[in-house]
1. Students sometimes get this wrong: rank 217, 108, 269 by accessible area, probe 1.4 Å, all chains present, largest first.
2. Just need the relative contact order of the range 16-156 here, percent rounded to a whole number, with Cα pairs under 8 Å and 6+ apart.
3. Under the 0.36 nm per residue contour assumption, what length would be gained going from the current alpha-carbon distance of residue 108 and residue 138 to full extension?
4. Just need the relative contact order of the chain here, percent rounded to a whole number, with Cα pairs under 8 Å and 6+ apart.
5. Taking a ≥ b ≥ c as the square roots of the Cα gyration tensor eigenvalues, with a/c under 1.5 meaning rounded and otherwise prolate when a/b beats b/c, else oblate, which class fits the range 24-124?
6. With a 1.4 Å probe and every protein chain left in place, tell me how much accessible area residue 63 has, in Å² to the nearest 10.
7. Go through 226, 79, 165, 28 and list them by solvent-accessible area, largest first, probe radius 1.4 Å.
8. In debye, nearest 20: dipole of the chain around its Cα centre with unit charges on the Cβ of K, R (+) and D, E (-)?
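The values are calculated or read from the model by the stated rules, or taken from the named source; none is laboratory data. Since the model is a prediction, treat every value here as computed from it, not as a measurement. So basically every Cβ, Gly included, is an ideal-geometry build from the backbone, and we count neighbours across all protein chains shown. Each accessible area value is taken on the protein alone, full model and side chains, heavy atoms only, with ligands, DNA and RNA left out. Shrake-Rupley method; radii C 1.70, N 1.55, O 1.52, S 1.80 Å.
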Amino acid sequence: MKSDRGYPLLGLAVVCVSVGSIFVRLAHAPALAVAFNRIFLASLVVAPVAARSLVRSWPALASRQRGLLIASGVSLGVHFGTWIASLSYTSVAASVLLVNTTPLFTLLFSWWLLREPASRAVLVAMALALAGAALIAAGDWQSGVASLTGDALAMAGAVTLSLYHVIGRGLRDALPLPAYVLGVWSTAAATLALLASVARVPLEGYPARTFAAFLALALVPTVLGHGLVNRSLRHIPAPTVGLFLLGEPIGASLLAYAIFDEVPGRLTLAGGALVLASLVLVVRSEA
């Protein structure tokens, strides 16, 4: 695939990931059930291609690498559980904007855990993102405690997704990509199944319409969307891919307006502009 062909595929990837929050809303099921079925069904889809690679690679991994793989999968499972739960409490715009602060937390954890230096641009971006998040929270304050709970869950989703990125960074060289994906996705599914068992949330027995939403979540934003992103990274510079992916909050917000008649408040829009500006600054600094 040449780079000029990569851009249309990257645009399609943005569209695919943008519909994730919409399918979550359409599922009409508990957050843990939605999260589990999304990642479990996605694991089943990639298993025929990736299972042999994972079985072949597993014995060669050191015990520390196996522990990191499990920790990465647990972080991913908690990410899906918290972010999907946030959509029950706050607007799609607020939820998707806040969870997309993941790159900032990734840089923060890289500085803290891996001792990677943080540039001045990153520090400015952190301040912008915090100001934007504060504006979004201020806007949700007017809607009550439930909306603030949603904001907190979305931020928790951003933190845990960044942990997934930082923990799994070294594993991508130790494992083929299909093996890595299946390993972390299946671990995430097991984590969510355990959480659902503790919370007594049923994982099956939902109507066909809900299962269709589960399957759509597994196929469109998870397998197809993230698969196209990984494919694009082979031919397009990572900062450019990062800039394209900033279209997700915009696309998700437009879809929420069209489907649910959900209009973001002025403070959410202002905070969102600051968050997006901070992410653009980070992506440009990485270039």
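1. 269, 108, 217
2. Once normalised by length, the contact order is 33 percent.
3. That pair, residue 108 and residue 138, stretches by 8.4 nm at full extension.
4. Taking the mean separation of contacting Cα pairs over the length of the chain, I get 43 percent.
5. Verdict is oblate for the range 24-124.
6. 100
7. 28, 226, 165, 79
8. 800
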